[in-house]
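What follows is a set of notes on a single structure, which appears directly below.
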Amino acid sequence: MWQRTWTAWPKTARGHGEYLDTFAGLIAVPESQKTAIYASLQANFSKIYTSDSVSYLDVLRNIDSVIASS
């Protein structure tokens, strides 16, 4: 069930949009940092989505890692 929900997340590859805006709101990204965070997530897309069957927990861990190294 969760796997199907996460199929929408590859839209983050665009580097903008409602999914990133919502996610940024949930993790309290300051407005002044959104552009940089979005660009980092887009540039590191393959580090976040490591396979077609990546779990949502791994996606979150990978996003955390990418943001921490930005």
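Modelled spin labels at I67 and L26, positioned 7 Å past Cα toward Cβ, are 1.0 nm from each other.
The packing ranking, built from the mean of other Cβ atoms within 10 Å per residue, places the peptides 19-27, 59-67 in the order 59-67, 19-27, highest first.
You can think of it this way: the chain between A36 and L57 has 5.3 nm of extra reach, that is 0.36 nm per residue less the Cα-Cα gap.
None of the figures in this text is laboratory data; all of them are computed from the coordinates on show. All of these numbers come straight from a predicted model, not from anything done at the bench. Here the Cβ is made from the backbone with ideal geometry for all residues, glycine too, and neighbour counts use every protein chain on show.
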